[in-house]
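Q: Submitted below is the structure of interest, expressed as C-alpha coordinates.
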Amino acid sequence: MIYLTDVWYRVAKNQILSGVNFHVGSGEFACIVGPSGAGKSTVLKLIHMQIFPTRGKLVVADYDVKEIRLSEIPYFRRKVGVVFQDFKLLEDRDVFENVAFALWATGVRRKLIKRRVFQVLAEVGLSHKRYAMIPELSGGEQQRVAIARALANEPFVLLADEPTGNLDAEASEDILKLLQRINRKGMAILMATHKEDIFGQMPVKVIRIREGKIVP
Amino acid sequence: MSINLIYSFREGMLGLKRARLATTIAISTVAITLTLLGIFIVLTVNVQRVIGLLNERLNVEIFIDNSLDPLSIKLLQNNVSSIEGVEDVTYISKEEALERFRGEFGEDPLAILGENPLPASLLVKIKNEYRNPEKIVTVVESIKVLKGVDEVIYHGRLFRLIHQYSKVILAIDIGLFFIVLLSVILLVSNTLRLTILSQQKNIQIMQLVGATINFVRRPYVVQGVFQGFIGGVISMGIVWVIVQLIRFRFPHLLVVPLHVLIMPLLIGVLISYLGSLMALKRFLNA
(Lines give C-alpha, C1' and ligand atoms only; values in the text may rest on other atoms or scores of the structure.)
Protein backbone atom coordinates (compact mmCIF):
# COMPACT_ATOMS: atom_id res chain seq x y z
CA MET A 1 0.00 0.00 0.00
CA ILE A 2 2.63 2.55 1.08
CA TYR A 3 6.15 1.91 -0.17
CA LEU A 4 9.15 4.13 0.52
CA THR A 5 12.32 2.95 -1.17
CA ASP A 6 15.54 4.87 -0.56
CA VAL A 7 13.68 8.15 -0.05
CA TRP A 8 15.76 11.29 0.47
CA TYR A 9 14.51 14.76 1.23
CA ARG A 10 16.50 17.92 1.47
CA VAL A 11 15.65 21.59 2.00
CA ALA A 12 18.45 23.94 0.91
CA LYS A 13 21.52 22.54 2.68
CA ASN A 14 19.56 20.62 5.31
CA GLN A 15 19.28 16.90 4.75
CA ILE A 16 15.97 16.04 6.41
CA LEU A 17 15.62 12.38 5.31
CA SER A 18 18.39 10.02 4.21
CA GLY A 19 17.54 6.79 2.42
CA VAL A 20 14.30 5.98 4.19
CA ASN A 21 12.88 2.52 3.48
CA PHE A 22 9.68 0.99 4.86
CA HIS A 23 6.28 -0.15 3.81
CA VAL A 24 2.83 -0.25 5.33
CA GLY A 25 0.49 -2.98 4.15
CA SER A 26 -3.30 -2.91 3.73
CA GLY A 27 -5.12 -2.92 7.06
CA GLU A 28 -1.88 -2.49 9.00
CA PHE A 29 -1.45 -0.13 11.99
CA ALA A 30 2.04 1.32 11.74
CA CYS A 31 3.67 3.98 13.81
CA ILE A 32 6.68 6.16 13.07
CA VAL A 33 8.37 6.84 16.37
CA GLY A 34 11.17 9.28 16.98
CA PRO A 35 12.16 12.42 18.85
CA SER A 36 11.18 15.91 17.72
CA GLY A 37 12.99 16.87 14.51
CA ALA A 38 13.69 13.25 13.52
CA GLY A 39 11.68 13.60 10.30
CA LYS A 40 8.33 11.94 11.23
CA SER A 41 6.12 14.75 9.98
CA THR A 42 8.23 15.06 6.84
CA VAL A 43 7.55 11.40 6.05
CA LEU A 44 3.79 11.95 6.47
CA LYS A 45 3.90 15.11 4.36
CA LEU A 46 5.70 13.18 1.63
CA ILE A 47 3.10 10.42 1.73
CA HIS A 48 0.31 13.04 1.63
CA MET A 49 2.12 14.72 -1.27
CA GLN A 50 2.38 18.10 0.40
CA ILE A 51 6.08 17.92 -0.45
CA PHE A 52 8.06 15.72 -2.84
CA PRO A 53 11.18 13.61 -2.27
CA THR A 54 14.50 14.83 -3.56
CA ARG A 55 15.16 11.28 -4.70
CA GLY A 56 13.93 7.76 -4.15
CA LYS A 57 10.70 5.92 -4.89
CA LEU A 58 7.46 6.60 -3.06
CA VAL A 59 4.27 4.77 -4.01
CA VAL A 60 0.94 5.15 -2.22
CA ALA A 61 -1.62 2.61 -3.46
CA ASP A 62 -1.51 3.10 -7.25
CA TYR A 63 -0.07 6.58 -7.07
CA ASP A 64 3.64 6.96 -7.79
CA VAL A 65 4.91 10.34 -6.59
CA LYS A 66 7.11 10.67 -9.65
CA GLU A 67 4.27 10.11 -12.07
CA ILE A 68 1.36 11.90 -10.45
CA ARG A 69 0.24 15.14 -12.06
CA LEU A 70 -0.42 18.17 -9.85
CA SER A 71 -4.07 18.22 -10.96
CA GLU A 72 -4.47 14.63 -9.66
CA ILE A 73 -3.28 15.42 -6.14
CA PRO A 74 -6.65 16.66 -4.77
CA TYR A 75 -8.26 13.40 -5.95
CA PHE A 76 -5.42 11.41 -4.37
CA ARG A 77 -5.86 13.26 -1.06
CA ARG A 78 -9.52 12.29 -0.90
CA LYS A 79 -8.32 8.70 -0.59
CA VAL A 80 -5.74 9.48 2.09
CA GLY A 81 -7.33 10.72 5.29
CA VAL A 82 -5.15 12.95 7.41
CA VAL A 83 -5.31 14.26 10.98
CA PHE A 84 -2.96 16.74 12.62
CA GLN A 85 -1.75 17.59 16.09
CA ASP A 86 -3.47 21.00 15.86
CA PHE A 87 -6.67 19.46 14.35
CA LYS A 88 -6.88 22.00 11.49
CA LEU A 89 -10.63 22.48 11.71
CA LEU A 90 -12.70 25.33 10.27
CA GLU A 91 -13.42 27.15 13.50
CA ASP A 92 -16.18 29.35 12.11
CA ARG A 93 -18.30 26.29 11.30
CA ASP A 94 -20.01 23.61 13.32
CA VAL A 95 -19.06 19.94 13.60
CA PHE A 96 -21.45 18.86 10.84
CA GLU A 97 -20.12 21.44 8.38
CA ASN A 98 -16.51 20.54 9.11
CA VAL A 99 -17.10 16.91 8.24
CA ALA A 100 -19.46 17.69 5.37
CA PHE A 101 -16.86 19.97 3.84
CA ALA A 102 -14.66 17.06 2.76
CA LEU A 103 -17.68 15.60 0.95
CA TRP A 104 -18.82 18.86 -0.66
CA ALA A 105 -15.36 19.09 -2.18
CA THR A 106 -15.96 15.82 -4.03
CA GLY A 107 -19.38 16.82 -5.37
CA VAL A 108 -21.36 14.30 -3.28
CA ARG A 109 -25.13 14.96 -3.24
CA ARG A 110 -26.62 16.77 -0.24
CA LYS A 111 -28.72 13.81 0.97
CA LEU A 112 -25.79 11.44 0.78
CA ILE A 113 -23.59 13.97 2.56
CA LYS A 114 -26.02 14.15 5.47
CA ARG A 115 -26.20 10.38 5.74
CA ARG A 116 -22.43 9.92 5.52
CA VAL A 117 -21.69 12.71 8.04
CA PHE A 118 -24.12 11.20 10.57
CA GLN A 119 -22.49 7.82 9.97
CA VAL A 120 -18.90 8.97 10.62
CA LEU A 121 -19.93 11.14 13.56
CA ALA A 122 -21.57 8.08 15.09
CA GLU A 123 -18.37 6.16 14.41
CA VAL A 124 -16.28 8.66 16.41
CA GLY A 125 -18.97 9.06 19.09
CA LEU A 126 -19.93 12.67 18.36
CA SER A 127 -23.49 12.36 17.04
CA HIS A 128 -24.80 14.36 19.98
CA LYS A 129 -22.49 17.30 19.21
CA ARG A 130 -23.06 17.55 15.48
CA TYR A 131 -24.26 21.15 15.61
CA ALA A 132 -21.75 22.37 18.19
CA MET A 133 -19.27 25.02 17.08
CA ILE A 134 -15.62 23.92 17.11
CA PRO A 135 -14.43 26.28 19.90
CA GLU A 136 -17.12 24.80 22.16
CA LEU A 137 -15.46 21.34 22.01
CA SER A 138 -12.65 19.89 24.13
CA GLY A 139 -9.32 18.99 22.51
CA GLY A 140 -10.23 15.30 22.40
CA GLU A 141 -13.58 16.08 20.76
CA GLN A 142 -11.94 18.35 18.20
CA GLN A 143 -9.55 15.55 17.28
CA ARG A 144 -12.54 13.21 16.89
CA VAL A 145 -14.09 15.72 14.47
CA ALA A 146 -10.82 15.77 12.53
CA ILE A 147 -10.83 11.96 12.41
CA ALA A 148 -14.47 11.94 11.28
CA ARG A 149 -13.58 14.40 8.49
CA ALA A 150 -10.65 12.22 7.46
CA LEU A 151 -12.92 9.17 7.31
CA ALA A 152 -15.74 10.89 5.40
CA ASN A 153 -14.41 10.00 1.95
CA GLU A 154 -13.70 6.38 2.95
CA PRO A 155 -9.93 6.61 2.46
CA PHE A 156 -7.72 3.54 2.13
CA VAL A 157 -5.25 4.86 4.67
CA LEU A 158 -5.37 7.30 7.57
CA LEU A 159 -2.30 9.40 8.31
CA ALA A 160 -2.14 10.80 11.84
CA ASP A 161 0.56 13.33 12.71
CA GLU A 162 0.96 13.39 16.52
CA PRO A 163 -2.82 13.10 16.96
CA THR A 164 -2.46 12.97 20.75
CA GLY A 165 0.21 15.66 20.99
CA ASN A 166 -2.18 18.34 22.26
CA LEU A 167 -4.30 16.06 24.45
CA ASP A 168 -4.22 14.96 28.09
CA ALA A 169 -3.59 11.30 28.99
CA GLU A 170 -7.26 10.34 29.13
CA ALA A 171 -8.18 12.00 25.83
CA SER A 172 -5.04 10.49 24.23
CA GLU A 173 -6.09 7.00 25.30
CA ASP A 174 -9.58 7.57 23.86
CA ILE A 175 -8.15 8.71 20.53
CA LEU A 176 -5.81 5.70 20.36
CA LYS A 177 -8.69 3.36 21.10
CA LEU A 178 -10.72 5.06 18.39
CA LEU A 179 -7.89 4.68 15.89
CA GLN A 180 -7.52 1.03 16.87
CA ARG A 181 -11.26 0.48 16.33
CA ILE A 182 -11.06 2.09 12.90
CA ASN A 183 -8.05 -0.08 12.06
CA ARG A 184 -9.89 -3.24 13.09
CA LYS A 185 -12.50 -2.45 10.44
CA GLY A 186 -9.72 -2.82 7.86
CA MET A 187 -8.30 0.64 7.37
CA ALA A 188 -4.53 1.07 7.30
CA ILE A 189 -3.21 3.66 9.73
CA LEU A 190 0.17 5.35 9.79
CA MET A 191 0.70 7.45 12.87
CA ALA A 192 3.65 9.64 13.86
CA THR A 193 4.46 10.14 17.54
CA HIS A 194 7.42 10.81 19.77
CA LYS A 195 5.98 8.64 22.58
CA GLU A 196 6.63 4.93 21.89
CA ASP A 197 5.14 3.84 25.21
CA ILE A 198 1.63 5.14 24.50
CA PHE A 199 0.66 1.97 22.62
CA GLY A 200 1.05 -0.41 25.56
CA GLN A 201 0.01 -3.87 24.41
CA MET A 202 -1.54 -2.67 21.16
CA PRO A 203 -0.38 -4.66 18.10
CA VAL A 204 1.36 -1.87 16.22
CA LYS A 205 4.18 -2.04 13.67
CA VAL A 206 6.83 0.36 14.97
CA ILE A 207 9.13 2.20 12.54
CA ARG A 208 11.86 4.06 14.44
CA ILE A 209 13.42 7.16 12.95
CA ARG A 210 16.41 9.19 14.17
CA GLU A 211 17.94 12.17 12.37
CA GLY A 212 16.15 11.32 9.15
CA LYS A 213 17.20 7.66 9.07
CA ILE A 214 15.27 4.50 9.86
CA VAL A 215 16.89 2.69 12.77
CA PRO A 216 16.27 -0.79 14.21
CA MET B 1 -26.23 23.84 -12.15
CA SER B 2 -23.74 21.43 -10.65
CA ILE B 3 -23.70 20.80 -6.95
CA ASN B 4 -20.25 22.40 -6.70
CA LEU B 5 -21.49 25.63 -8.28
CA ILE B 6 -24.40 25.78 -5.84
CA TYR B 7 -21.91 25.13 -3.05
CA SER B 8 -19.55 27.85 -4.32
CA PHE B 9 -22.34 30.42 -4.45
CA ARG B 10 -23.71 29.44 -1.05
CA GLU B 11 -20.24 29.38 0.51
CA GLY B 12 -19.38 32.73 -1.05
CA MET B 13 -22.51 34.35 0.36
CA LEU B 14 -22.06 32.68 3.76
CA GLY B 15 -18.44 33.86 3.82
CA LEU B 16 -19.62 37.45 3.35
CA LYS B 17 -22.11 37.01 6.17
CA ARG B 18 -19.52 35.45 8.49
CA ALA B 19 -17.03 38.27 7.96
CA ARG B 20 -19.50 41.17 8.08
CA LEU B 21 -16.97 43.81 9.10
CA ALA B 22 -14.42 42.83 6.43
CA THR B 23 -17.22 42.70 3.84
CA THR B 24 -18.49 46.15 4.82
CA ILE B 25 -14.97 47.60 4.64
CA ALA B 26 -14.34 45.96 1.26
CA ILE B 27 -17.64 47.16 -0.23
CA SER B 28 -17.09 50.69 1.14
CA THR B 29 -13.57 50.82 -0.31
CA VAL B 30 -14.82 49.61 -3.69
CA ALA B 31 -17.73 52.09 -3.61
CA ILE B 32 -15.53 55.09 -2.71
CA THR B 33 -12.83 54.36 -5.28
CA LEU B 34 -15.36 53.62 -8.01
CA THR B 35 -17.22 56.85 -7.17
CA LEU B 36 -13.99 58.77 -7.77
CA LEU B 37 -13.52 56.90 -11.02
CA GLY B 38 -17.16 57.55 -11.98
CA ILE B 39 -16.88 61.29 -11.32
CA PHE B 40 -13.69 61.38 -13.32
CA ILE B 41 -15.29 59.58 -16.26
CA VAL B 42 -18.32 61.93 -16.20
CA LEU B 43 -16.03 64.97 -16.18
CA THR B 44 -13.86 63.58 -18.97
CA VAL B 45 -16.82 62.76 -21.18
CA ASN B 46 -18.29 66.24 -20.67
CA VAL B 47 -15.02 68.12 -21.21
CA GLN B 48 -14.55 66.21 -24.46
CA ARG B 49 -18.18 66.95 -25.38
CA VAL B 50 -17.72 70.69 -24.85
CA ILE B 51 -14.52 70.68 -26.93
CA GLY B 52 -16.39 68.79 -29.66
CA LEU B 53 -19.24 71.31 -29.60
CA LEU B 54 -16.85 74.24 -29.83
CA ASN B 55 -15.03 72.59 -32.68
CA GLU B 56 -18.27 71.85 -34.49
CA ARG B 57 -19.35 75.47 -34.36
CA LEU B 58 -16.25 76.64 -36.20
CA ASN B 59 -17.15 76.92 -39.87
CA VAL B 60 -15.72 78.63 -42.92
CA GLU B 61 -17.57 81.66 -44.26
CA ILE B 62 -17.21 82.83 -47.87
CA PHE B 63 -18.21 86.34 -48.83
CA ILE B 64 -19.41 86.40 -52.40
CA ASP B 65 -18.48 89.04 -54.93
CA ASN B 66 -21.43 91.49 -55.17
CA SER B 67 -21.35 91.37 -58.96
CA LEU B 68 -22.17 87.65 -59.15
CA ASP B 69 -25.56 86.74 -60.65
CA PRO B 70 -27.74 84.01 -59.08
CA LEU B 71 -26.62 81.35 -61.60
CA SER B 72 -22.93 82.04 -60.89
CA ILE B 73 -23.66 81.91 -57.16
CA LYS B 74 -25.31 78.49 -57.60
CA LEU B 75 -22.26 77.37 -59.63
CA LEU B 76 -19.93 78.65 -56.91
CA GLN B 77 -21.95 76.80 -54.26
CA ASN B 78 -21.65 73.58 -56.28
CA ASN B 79 -17.92 74.09 -56.78
CA VAL B 80 -17.39 74.62 -53.05
CA SER B 81 -19.49 71.52 -52.26
CA SER B 82 -17.27 69.42 -54.46
CA ILE B 83 -14.06 70.40 -52.59
CA GLU B 84 -12.65 67.54 -50.51
CA GLY B 85 -13.33 68.11 -46.81
CA VAL B 86 -16.53 70.10 -47.31
CA GLU B 87 -19.59 68.49 -45.74
CA ASP B 88 -22.31 71.02 -46.45
CA VAL B 89 -22.69 74.49 -47.98
CA THR B 90 -25.51 76.90 -47.07
CA TYR B 91 -26.25 80.04 -49.06
CA ILE B 92 -27.04 83.18 -47.07
CA SER B 93 -28.45 85.97 -49.21
CA LYS B 94 -27.84 89.66 -48.56
CA GLU B 95 -31.36 89.90 -47.07
CA GLU B 96 -30.82 86.96 -44.73
CA ALA B 97 -27.49 88.45 -43.65
CA LEU B 98 -29.25 91.73 -42.85
CA GLU B 99 -31.89 89.90 -40.80
CA ARG B 100 -29.19 88.05 -38.86
CA PHE B 101 -27.34 91.32 -38.22
CA ARG B 102 -30.50 92.93 -36.91
CA GLY B 103 -31.13 89.92 -34.69
CA GLU B 104 -27.61 89.78 -33.32
CA PHE B 105 -26.79 93.49 -32.89
CA GLY B 106 -30.23 95.08 -32.64
CA GLU B 107 -29.30 97.78 -35.18
CA ASP B 108 -30.46 98.32 -38.74
CA PRO B 109 -27.60 99.26 -41.15
CA LEU B 110 -30.18 99.92 -43.87
CA ALA B 111 -31.68 102.74 -41.82
CA ILE B 112 -28.24 104.21 -41.08
CA LEU B 113 -26.55 103.79 -44.45
CA GLY B 114 -29.57 103.80 -46.74
CA GLU B 115 -28.47 100.56 -48.38
CA ASN B 116 -27.62 97.00 -47.34
CA PRO B 117 -23.82 96.83 -46.99
CA LEU B 118 -23.73 93.15 -46.13
CA PRO B 119 -22.58 90.73 -48.84
CA ALA B 120 -24.20 87.43 -49.67
CA SER B 121 -22.20 84.52 -48.28
CA LEU B 122 -21.76 80.77 -48.25
CA LEU B 123 -21.52 79.04 -44.88
CA VAL B 124 -19.28 75.97 -45.27
CA LYS B 125 -19.48 73.11 -42.83
CA ILE B 126 -16.24 71.18 -42.68
CA LYS B 127 -16.06 67.40 -42.32
CA ASN B 128 -14.84 66.23 -38.89
CA GLU B 129 -11.65 64.69 -40.22
CA TYR B 130 -10.71 68.07 -41.79
CA ARG B 131 -11.26 70.02 -38.58
CA ASN B 132 -7.60 70.54 -37.83
CA PRO B 133 -5.32 73.50 -38.55
CA GLU B 134 -3.35 71.81 -41.36
CA LYS B 135 -6.19 70.29 -43.32
CA ILE B 136 -8.53 73.25 -43.05
CA VAL B 137 -5.91 75.46 -44.74
CA THR B 138 -5.97 73.22 -47.81
CA VAL B 139 -9.78 73.53 -47.94
CA VAL B 140 -9.57 77.31 -47.56
CA GLU B 141 -6.88 77.57 -50.24
CA SER B 142 -9.04 75.55 -52.63
CA ILE B 143 -11.96 77.92 -51.95
CA LYS B 144 -9.91 81.10 -52.36
CA VAL B 145 -8.98 80.34 -55.97
CA LEU B 146 -12.60 79.93 -57.04
CA LYS B 147 -14.12 82.62 -59.19
CA GLY B 148 -16.57 84.91 -57.38
CA VAL B 149 -14.99 84.52 -53.93
CA ASP B 150 -14.43 87.92 -52.34
CA GLU B 151 -13.13 86.91 -48.95
CA VAL B 152 -12.78 83.74 -46.85
CA ILE B 153 -13.07 83.85 -43.08
CA TYR B 154 -12.20 80.68 -41.17
CA HIS B 155 -10.95 81.54 -37.62
CA GLY B 156 -7.64 79.74 -38.25
CA ARG B 157 -6.17 80.86 -34.93
CA LEU B 158 -9.16 79.60 -32.98
CA PHE B 159 -9.00 76.28 -34.86
CA ARG B 160 -5.34 75.99 -33.89
CA LEU B 161 -6.04 76.83 -30.25
CA ILE B 162 -8.91 74.37 -29.88
CA HIS B 163 -6.97 71.67 -31.66
CA GLN B 164 -3.87 72.29 -29.57
CA TYR B 165 -5.71 72.45 -26.21
CA SER B 166 -8.00 69.53 -26.97
CA LYS B 167 -4.89 67.42 -27.56
CA VAL B 168 -3.34 68.56 -24.27
CA ILE B 169 -6.61 68.03 -22.37
CA LEU B 170 -7.02 64.58 -23.94
CA ALA B 171 -3.45 63.63 -22.97
CA ILE B 172 -3.99 64.87 -19.39
CA ASP B 173 -7.32 63.03 -19.31
CA ILE B 174 -5.80 59.75 -20.46
CA GLY B 175 -2.91 60.13 -18.00
CA LEU B 176 -5.24 60.91 -15.10
CA PHE B 177 -7.61 58.12 -16.12
CA PHE B 178 -4.81 55.57 -15.89
CA ILE B 179 -3.63 56.96 -12.55
CA VAL B 180 -7.18 56.82 -11.15
CA LEU B 181 -7.72 53.37 -12.68
CA LEU B 182 -4.42 52.11 -11.25
CA SER B 183 -5.38 53.44 -7.81
CA VAL B 184 -8.74 51.69 -8.09
CA ILE B 185 -7.07 48.43 -9.15
CA LEU B 186 -4.54 48.59 -6.29
CA LEU B 187 -7.07 49.57 -3.64
CA VAL B 188 -9.74 47.08 -4.67
CA SER B 189 -7.39 44.14 -5.24
CA ASN B 190 -5.52 44.87 -2.01
CA THR B 191 -8.77 44.99 -0.03
CA LEU B 192 -9.84 41.68 -1.54
CA ARG B 193 -6.37 40.28 -0.85
CA LEU B 194 -6.70 41.18 2.83
CA THR B 195 -10.13 39.53 2.95
CA ILE B 196 -8.67 36.38 1.41
CA LEU B 197 -5.59 36.56 3.65
CA SER B 198 -7.88 36.27 6.67
CA GLN B 199 -9.16 33.02 5.14
CA GLN B 200 -5.71 31.56 4.48
CA LYS B 201 -6.07 28.85 7.11
CA ASN B 202 -9.39 27.74 5.65
CA ILE B 203 -7.86 27.63 2.17
CA GLN B 204 -5.02 25.45 3.45
CA ILE B 205 -7.45 23.06 5.15
CA MET B 206 -9.55 22.85 1.99
CA GLN B 207 -6.52 21.80 0.01
CA LEU B 208 -5.44 19.26 2.62
CA VAL B 209 -8.77 17.46 2.52
CA GLY B 210 -8.63 17.18 -1.26
CA ALA B 211 -10.48 20.20 -2.59
CA THR B 212 -9.49 21.04 -6.15
CA ILE B 213 -8.05 24.49 -6.88
CA ASN B 214 -11.29 25.48 -8.65
CA PHE B 215 -13.37 24.33 -5.72
CA VAL B 216 -11.29 26.41 -3.30
CA ARG B 217 -11.20 29.38 -5.62
CA ARG B 218 -14.84 29.72 -6.64
CA PRO B 219 -16.45 30.88 -3.34
CA TYR B 220 -13.79 33.59 -2.95
CA VAL B 221 -14.26 34.73 -6.53
CA VAL B 222 -18.04 34.83 -5.93
CA GLN B 223 -17.36 36.95 -2.83
CA GLY B 224 -15.02 39.29 -4.72
CA VAL B 225 -17.39 39.78 -7.65
CA PHE B 226 -20.32 40.33 -5.28
CA GLN B 227 -18.37 42.96 -3.33
CA GLY B 228 -17.32 44.62 -6.59
CA PHE B 229 -20.91 44.57 -7.87
CA ILE B 230 -22.47 46.01 -4.70
CA GLY B 231 -19.67 48.61 -4.42
CA GLY B 232 -20.21 49.45 -8.09
CA VAL B 233 -23.99 49.85 -7.69
CA ILE B 234 -23.46 52.14 -4.68
CA SER B 235 -20.91 54.23 -6.58
CA MET B 236 -23.30 54.42 -9.55
CA GLY B 237 -26.00 55.73 -7.21
CA ILE B 238 -23.66 58.33 -5.67
CA VAL B 239 -22.46 59.56 -9.08
CA TRP B 240 -26.07 59.75 -10.29
CA VAL B 241 -27.09 61.84 -7.26
CA ILE B 242 -24.09 64.18 -7.75
CA VAL B 243 -24.96 64.60 -11.45
CA GLN B 244 -28.61 65.35 -10.58
CA LEU B 245 -27.54 67.95 -7.99
CA ILE B 246 -25.30 69.68 -10.54
CA ARG B 247 -28.05 69.53 -13.17
CA PHE B 248 -30.48 71.06 -10.72
CA ARG B 249 -28.19 74.09 -10.44
CA PHE B 250 -26.86 74.11 -14.05
CA PRO B 251 -29.45 72.26 -16.19
CA HIS B 252 -27.40 71.96 -19.42
CA LEU B 253 -23.89 71.60 -18.03
CA LEU B 254 -23.62 67.82 -17.88
CA VAL B 255 -24.72 65.11 -20.26
CA VAL B 256 -24.34 61.59 -18.81
CA PRO B 257 -25.25 58.69 -21.10
CA LEU B 258 -26.22 55.43 -19.36
CA HIS B 259 -23.08 53.60 -20.52
CA VAL B 260 -20.94 56.28 -18.81
CA LEU B 261 -22.84 55.73 -15.58
CA ILE B 262 -22.51 51.93 -15.84
CA MET B 263 -18.81 51.95 -16.78
CA PRO B 264 -17.44 52.17 -13.18
CA LEU B 265 -19.73 49.30 -12.17
CA LEU B 266 -18.38 47.09 -14.96
CA ILE B 267 -14.80 48.13 -14.17
CA GLY B 268 -15.45 47.37 -10.48
CA VAL B 269 -16.79 43.89 -11.20
CA LEU B 270 -13.93 43.14 -13.59
CA ILE B 271 -11.25 44.37 -11.18
CA SER B 272 -12.83 42.44 -8.30
CA TYR B 273 -12.94 39.28 -10.39
CA LEU B 274 -9.32 39.60 -11.54
CA GLY B 275 -8.16 40.85 -8.12
CA SER B 276 -9.68 37.82 -6.38
CA LEU B 277 -8.11 35.45 -8.89
CA MET B 278 -4.68 37.06 -8.49
CA ALA B 279 -4.83 37.08 -4.69
CA LEU B 280 -5.93 33.43 -4.64
CA LYS B 281 -3.27 32.41 -7.13
CA ARG B 282 -0.61 33.51 -4.67
CA PHE B 283 -2.15 31.53 -1.77
CA LEU B 284 -2.99 28.47 -3.81
CA ASN B 285 0.53 28.32 -5.21
CA ALA B 286 1.91 28.64 -1.70
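The values are calculated or read from the model by the stated rules, or taken from the named source; none is laboratory data. These numbers come from a predicted model, not from an experiment. Cβ sites come from the backbone with ideal geometry, for glycine too, and all protein chains shown count toward neighbours.
Q: Here are B:Val269, B:Val256, B:Val222: which of them is more than 14 Å from chain A (Cβ to nearest Cβ), among the hydrophobic types (A, V, I, L, M, F, W, C), touching a helix residue (DSSP H, G or I) at 6+ places or on another chain (Cβ under 6 Å) and not in a helix (DSSP H, G or I)?
A: Of B:Val269, B:Val256, B:Val222, the one residue that is more than 14 Å from chain A (Cβ to nearest Cβ), among the hydrophobic types (A, V, I, L, M, F, W, C), touching a helix residue (DSSP H, G or I) at 6+ places or on another chain (Cβ under 6 Å) and not in a helix (DSSP H, G or I) is B:Val256.
Every residue, every condition in (1) surrounded by 19 or more Cβ atoms within 10 Å (Cβ to Cβ); (2) touching a Leu at 6+ places or on another chain (Cβ under 7 Å); (3) in a strand (DSSP E or B), yes or no:
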site: A:Thr5; (1), (2), (3): no, no, yes
site: A:Leu17; (1), (2), (3): yes, no, yes
site: A:Val20; (1), (2), (3): yes, yes, yes
site: A:Gly37; (1), (2), (3): no, no, no
site: A:Val59; (1), (2), (3): no, no, yes
site: A:Ile68; (1), (2), (3): no, no, no
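Q: Of A:Lys13, A:Lys88, which residue is over 19 Å from A:Val206 (Cα atoms) and in contact with a Lys or Arg (Cβ under 9 Å, 6 or more places away or on another chain)?
A: A:Lys88
Q: Could you list all residues from segment B:61-104 that are out of contact with any strand residue (DSSP E or B) (no Cβ under 8 Å at 6 or more places or on another chain) and either of a type in the set (A, V, I, L, M) or in contact (Cβ under 8 Å) with a residue 40 or more places away in the chain (or both)?
A: Passing the criteria: B:Leu68, B:Leu71, B:Ser72, B:Leu75, B:Asn79, B:Ile83, B:Glu84, B:Leu98.
Q: Pull up segment A:77-100, narrow it to residues that are over 24 Å from A:Ala61 (Cα atoms) and among the aromatic types (Phe, Trp, Tyr), then point me to the one that is nearest to the chain's Cα centre (by Cα).
A: Within segment A:77-100, the match that is nearest to the chain's Cα centre (by Cα) is A:Phe87.
Q: Quick check on segment B:43-60. Is at least one of its residues away from chain A (no Cβ under 14 Å), over 30 Å from B:Phe226 (Cβ atoms) and touching a strand residue (DSSP E or B) at 6+ places or on another chain (Cβ under 7 Å)?
A: Yes, some residue in segment B:43-60 is away from chain A (no Cβ under 14 Å), over 30 Å from B:Phe226 (Cβ atoms) and touching a strand residue (DSSP E or B) at 6+ places or on another chain (Cβ under 7 Å).
Q: Residues in segment A:76-105 that are outside any helix (DSSP H, G or I), charged (D, E, K, R) and within 7 Å of chain B (Cβ to nearest Cβ): how many?
A: Of the residues in that region, 3 qualify.
Q: Look at B:Gln207 and say whether it is crowded, with 16+ Cβ neighbours inside 10 Å, within 14 Å of another protein chain (Cβ to nearest Cβ), in contact with a helix residue (DSSP H, G or I) (Cβ under 7 Å, 6 or more places away or on another chain) and part of a helix (DSSP H, G or I).
A: Yes.
Q: Please go through segment B:247-258 and give me each residue that is exposed (fewer than 14 other Cβ atoms within 10 Å of the Cβ) and free of Cβ contacts under 8 Å to residues at least 12 places away in the same chain, ordered by number.
A: Within segment B:247-258, B:Phe248, B:Arg249, B:Phe250, B:Pro251, B:His252, B:Leu258 meet the criteria.
Q: Any idea which of B:Val89, B:Val145, B:Val140 is within 30 Å of B:Gly52 (Cβ to Cβ) and at pLDDT below 90?
A: B:Val140
Q: Since B:Lys201 meets every condition but one in (1) surrounded by fewer than 16 Cβ atoms within 10 Å (Cβ to Cβ); (2) away from chain A (no Cβ under 14 Å), which condition does it not meet?
A: So B:Lys201 meets the others, but not (2).
Q: Take B:Leu194 and tell me if it is surrounded by fewer than 20 Cβ atoms within 10 Å (Cβ to Cβ), over 19 Å from B:Thr24 (Cβ atoms) and either within 14 Å of another protein chain (Cβ to nearest Cβ) or not β-branched (Val, Ile, Thr) (or both).
A: Spelling it out, it is not the case that B:Leu194 is surrounded by fewer than 20 Cβ atoms within 10 Å (Cβ to Cβ), over 19 Å from B:Thr24 (Cβ atoms) and either within 14 Å of another protein chain (Cβ to nearest Cβ) or not β-branched (Val, Ile, Thr) (or both).
Q: Need the failing condition index for B:Ile153 against (1) exposed (fewer than 13 other Cβ atoms within 10 Å of the Cβ); (2) among the aliphatic types (A, V, I, L, M); (3) within 14 Å of chain A (Cβ to nearest Cβ), just the number.
A: Unmet condition: (3).
Q: May I ask you to say which residue of B:Leu122, B:Leu161 is farther than 11 Å from B:Val86 by Cα and either without any contact (Cβ under 8 Å) to a residue 40 or more places away in the chain or basic (Lys, Arg) (or both)?
A: B:Leu161
Q: Here is a further query. Here's a check for you: in segment A:30-51, which residue that is under 12 Å from the mean Cα position of the chain (by Cα) and among the small types (Gly, Ala, Ser) is nearest to the other protein chains (Cβ to nearest Cβ)?
A: Ranking the qualifying residues of segment A:30-51, first place goes to A:Ser41.
Q: Please note which helices (runs of 4 or more DSSP H) are completely contained in segment B:17-121 and include at least 3 residues that are under 34 Å from the mean Cα position of the chain (by Cα) and surrounded by 15 or more Cβ atoms within 10 Å (Cβ to Cβ).
A: Qualifying helices (runs of 4 or more DSSP H): B:20-57.
Q: Name the residue that is nearest to the other protein chains (Cβ to nearest Cβ), counting only residues in segment A:52-75 that are of a type in the set (D, E, K, R) and over 17 Å from A:Trp8 (Cβ atoms).
A: Out of the qualifying residues, it is A:Glu72.
Q: Can you say whether B:Gly231 is part of a helix (DSSP H, G or I), under 25 Å from the mean Cα position of the chain (by Cα) and surrounded by fewer than 20 Cβ atoms within 10 Å (Cβ to Cβ), as far as the supplied structure shows?
A: No, not satisfied.
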